[in-house]
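Every number in this text was worked out from the coordinates using simple rules, so none of it is lab data. If you're wondering where the values come from, they're calculated on a predicted model, not measured in any experiment. Here the Cβ positions follow ideal geometry from the backbone for every residue, glycine too, while neighbour counts run over all protein chains shown.
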């Protein structure tokens, strides 16, 4: 077995989800923060995604899952009534707080597990996550969505988006229902990260049962979707 597959096999041990989450959090804690320039967004497919994100969340009490460096938090805070931005990593929450823009009075940052959103205090009528759902193991899709829908409630709005391109090298993982990428950092650290890719049909199958007015944009480099919780 190759060194890469041995690493993935370790993730696939008895506590496979916990091990994967730890690897993912360590990778993102050590990775330079993502922060696209506003001018660059104006000319890209990502900019179209951001404009739809702001349309969906305008005037809403929004819950953000996996806020990371907080770049999307700042954009949503421009239009939302309030934002509670959550992440499991204290390192990224500290970074996001420090980088928050002039709308900081409408934003709170809280440490929270995306699979235990019932522990997040506050009242919400919308939720969103960027560059998160690809990392959710397929076996945990329903767990995550059930928790999200219960926390926001019927009639609430949801926006999710992710990349359609690879950031790392594909890993061959026979018997796995999830796709892995090998993410590497300067210094030689290597992290096998779940990074699932979805076409429109699969997104509709996953989200359709709990959604009303589901809109899916299967773009070239990004997909995004929004819906009302049924």
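Just a few scattered comments:
- According to the Cα-based calculation, Rg over Rh for the range 46-122 is 0.95, with Rh computed by the Kirkwood formula.
- Folded to 0 to 90 degrees: helix 141-152 orientation relative to the chain principal axis, Cα: 20 degrees
- Taking the range 202-220 and a reference point 7 angstrom along Cα→Cβ of residue 228, the backbone N atoms nearer than 14 Å belong to 211-215.
- Mean separation of Cα contacts under 8 Å, 6 or more apart, over the residue count of the chain: relative contact order %: 19 percent
- The separation of the range 151-230 from the range 14-34, counted between C-alpha centres, amounts to 16 Å.
- Estimated D of the chain in µm² per second, where Rh is the Kirkwood radius over Cα pairs and Stokes-Einstein applies at 37 °C, 0.692 mPa s: 181 µm²/s
- Highest-first arrangement of 128-141, 164-177, 146-159, 83-96, where packing means the average Cβ count within 10 Å: 83-96, 128-141, 146-159, 164-177
- Hull-based mean projected area of the range 175-230, where the convex hull spans the alpha carbons, in square nanometres: 5.7 nm²
- Simple spin-label estimate for residue 40 and residue 184 in nanometres, 7 Å along Cα-Cβ: 2.2 nm
- Computed E for residue 94/residue 22 - FRET, C-beta separation, R0 22 angstrom, nearest 0.05: 0.75
- Compactness of the range 100-172 was expressed as the Cα radius of gyration divided by 2.2 N^0.38 Å, which yields 1.30.
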